[in-house]
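Student: Could you have a look at this structure, given as structure tokens, before my questions?
The values are calculated or read from the model by the stated rules, or taken from the named source; none is laboratory data. Being a predicted model, the structure only gives us computed values, none of them experimental. Cβ: placed from backbone, ideal geometry, glycine included. Neighbour counts: every protein chain shown.
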Amino acid sequence: MKSETGVISVFEKYSIYFEYRKKEGANKTAILVNGALATTTSFSQTIRNLKDHVNIVLFDLPFAGQSREHNTNTSGVLSKDDEVEILLYLIEHFEVNFMISASWGGVSSLLALARRPPTIEKALISSFSQSSTTLCTAIWSMLAVSCAIRIFPVERSC
């Protein structure tokens with residue numbers, strides 16, 4: 001798996017640190033959305049389980065992790081709307097198909113899903129421990145099953 005890291009400017013307002021882990025031959029991409037004050041390192045167990053199957057995008061919000069040092073000229077306040085806009089920008093930029101969120105990241109994920117990003121096929125919104133066996137099982141179910149359930153709009157197909 002090739003790993004690319006960098007800082008991407010979002011709306012000339014925020015600089016977002018990202019990691020893009022590209023799996024050769026994979027044609028689907030998952031974005032991992034962490035909770036409040038968590039960082040890209042929060043998903044280490046999840047990455048181990050996904051790395052052989054999909055491309056993976058991780059990122060740090062402006063005032064957390066490796067993004068913090070690149071956002072010293074801003075007010076230090078990040079609204080939920082800004083979080084959603086950052087997430088939507090990354091989804092579009094990396095052409096994300098799957099969204100996996102944990103904890104507080106679930107709020108911005110649900111708000112982003114409400115705007116129906118066209119590339120998103122499935123999403124998993126989890127509560128707290130993203131390294132748990134339960135989350136890994138849920139991710140495998142999301143990626144492997146042929147029956148898709150979409151929240152917005154409500155559709156079911158098998």
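Student: Taking Ser44 as meeting all but one of (1) modelled with pLDDT under 85; (2) more than 17 Å from the chain's Cα centre (by Cα); (3) surrounded by fewer than 21 Cβ atoms within 10 Å (Cβ to Cβ), write down the number of the exception.
Tutor: (2)
Student: Something else: Using the structure shown, decide if Phe63 is touching a residue at least 12 places away in the same chain (Cβ under 8 Å), crowded, with 19+ Cβ neighbours inside 10 Å and out of contact with any Asp or Glu (no Cβ under 6 Å at 6 or more places or on another chain).
Tutor: In short, no.
Student: So if I check each of Leu32, Leu90, which one is touching a helix residue (DSSP H, G or I) at 6+ places or on another chain (Cβ under 6 Å), at negative phi and either exposed (fewer than 15 other Cβ atoms within 10 Å of the Cβ) or not β-branched (Val, Ile, Thr) (or both)?
Tutor: Leu32
Listed here are the residues, each with its yes/no results for (1) modelled with pLDDT of 55 or more; (2) farther than 23 Å from Leu61 by Cβ; (3) touching a Gly at 6+ places or on another chain (Cβ under 8 Å).
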{"site": "Met99", "(1), (2), (3)": "yes, no, no"}
{"site": "Leu110", "(1), (2), (3)": "yes, no, no"}
{"site": "Pro117", "(1), (2), (3)": "yes, no, no"}
{"site": "Ile125", "(1), (2), (3)": "yes, no, yes"}
{"site": "Ser131", "(1), (2), (3)": "no, no, no"}
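Student: Among the helices (runs of 4 or more DSSP H) lying completely within the range 1-113, list those that include at least 2 residues that are farther than 17 Å from Ile125 by Cα, of a type outside the set (Ser, Thr, Tyr) and in contact with a Ser or Thr (Cβ under 9 Å, 6 or more places away or on another chain).
Tutor: The helices (runs of 4 or more DSSP H) meeting that bar are 80-94.
Student: Among what's in the range 14-28 and is hydrophobic (A, V, I, L, M, F, W, C) and buried (at least 20 other Cβ atoms within 10 Å of the Cβ), pick the residue that is modelled with the highest pLDDT.
Tutor: This residue is Phe18.
Student: Looking for whichever is free of Cβ contacts under 8 Å to residues at least 12 places away in the same chain and of a type in the set (Ser, Thr, Tyr) here; the options are Thr72, Thr41, Thr29, Thr46. Which one fits?
Tutor: Sole residue among the options that is free of Cβ contacts under 8 Å to residues at least 12 places away in the same chain and of a type in the set (Ser, Thr, Tyr): Thr72.
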